[in-house]
1. Of the conditions (1) in a strand (DSSP E or B); (2) under 15 Å from GLY54 (Cβ atoms), THR106 satisfies every one except a single condition; which number is it?
2. Test GLY82 against the stated conditions and say whether it is over 15 Å from the mean Cα position of the chain (by Cα), without any contact (Cβ under 8 Å) to a residue 12 or more places away in the chain and open to solvent by less than 50 Å² (accessible area, probe 1.4 Å).
3. Please enumerate the residues belonging to segment 50-68 that are open to solvent by 60 Å² or more (accessible area, probe 1.4 Å) and touching a Lys or Arg at 6+ places or on another chain (Cβ under 7 Å).
4. When the residues of segment 101-119 are narrowed to those that are in contact with a strand residue (DSSP E or B) (Cβ under 7 Å, 6 or more places away or on another chain) and closer than 11 Å to LEU87 by Cβ, which ends up surrounded by the fewest Cβ atoms within 10 Å (Cβ to Cβ)?
5. For segment 1-49, how many residues are charged (D, E, K, R), under 15 Å from the mean Cα position of the chain (by Cα) and buried (at least 19 other Cβ atoms within 10 Å of the Cβ)?
6. Could you run through segment 144-177 and say how many residues are at pLDDT 85 or above and either touching a helix residue (DSSP H, G or I) at 6+ places or on another chain (Cβ under 7 Å) or open to solvent by less than 60 Å² (accessible area, probe 1.4 Å) (or both)?
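The values are calculated or read from the model by the stated rules, or taken from the named source; none is laboratory data. Note that this is a predicted model, so its numbers are computed, not measured. Neighbour counts are summed over all protein chains in view; Cβ atoms, including those assigned to glycine, are modelled from backbone coordinates with ideal geometry. All accessible areas refer to the heavy atoms of the entire protein, side chains included, with ligands and DNA or RNA removed. Shrake-Rupley method; radii C 1.70, N 1.55, O 1.52, S 1.80 Å.
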Amino acid sequence: MPLTSRTNVKAYCGVTVSTDDSLIDSLILYADAAVKKATNRVFASASYTERRDGNGREELRLQQYPVTALTSVKVDSNREFGADTALDADEYDLDGDAGLVYRIGTVWPCGTRNIRVVYTAGYSTIPDDVVHAANIIVADWYTRAKQLAGGQSQNELSGENLGEESQSYVKELVDGWGIPAQAVAILDRYRQL
């Protein structure tokens, strides 16, 4: 599921014609990939199977969150993960919002890829601020694409009216065609380290 829709982007940009629908659709896909790379997260709900290294601590961080269902947790130093390696549900506790699985009464045994967790994580409905960030990104890229198609340099003098005042400025590029600073500020709250 994309982070935003063509309808959302067109409303955000004030676009009423359909001549650029293909461009907008493409930019939405690129924005999804850019957000995934910037946050190291996938926002739409999906199923995951992760092999994790045992860390000798009580908590184990999963790559995706919020975790909405934990299907199985298996610990196996041989990494075969047969049925007999599954932990009972009373041997661990889940903090789904943080994506943390806590071992009860002991720690996760140290080892390389010796823990396998099958779970579902993500949002059934993308948070509004993430949708807004996606709209900002696509709108910025759409504007730049239209400027380039019209022969205007991205660094040309631009202006805007602010009520009774007008302001002129040179547009700054944020990391080339990267994510605009306003969207980065929103997405930083979701960044997985």
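1. Single failed check for THR106: (1).
2. yes
3. If the condition is that a residue be open to solvent by 60 Å² or more (accessible area, probe 1.4 Å) and touching a Lys or Arg at 6+ places or on another chain (Cβ under 7 Å), then ARG51, ASP53, GLU58 are the ones that fit.
4. The qualifying residue surrounded by the fewest Cβ atoms within 10 Å (Cβ to Cβ) is ILE104.
5. Qualifying residue count for the region: 2.
6. 3
To keep it simple, each residue is scored yes or no on (1) closer than 22 Å to ASP25 by Cα; (2) in contact with an Asp or Glu (Cβ under 8 Å, 6 or more places away or on another chain).
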{"residue": "GLU80", "(1), (2)": "no, no"}
{"residue": "ASP97", "(1), (2)": "no, no"}
{"residue": "THR112", "(1), (2)": "no, yes"}
{"residue": "ARG116", "(1), (2)": "no, yes"}
{"residue": "THR120", "(1), (2)": "no, no"}
{"residue": "VAL131", "(1), (2)": "yes, no"}
{"residue": "ASN135", "(1), (2)": "yes, no"}
{"residue": "ALA139", "(1), (2)": "yes, no"}
{"residue": "THR143", "(1), (2)": "yes, no"}
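Per-residue answers, yes or no, for (1) acidic (Asp, Glu); (2) within 17 Å of ALA134 (Cα to Cα):
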residue: SER18; (1), (2): no, no
residue: THR39; (1), (2): no, yes
residue: ALA46; (1), (2): no, no
residue: GLU58; (1), (2): yes, no
residue: LEU87; (1), (2): no, no
residue: GLY96; (1), (2): no, no
residue: GLY99; (1), (2): no, no
residue: TRP108; (1), (2): no, no
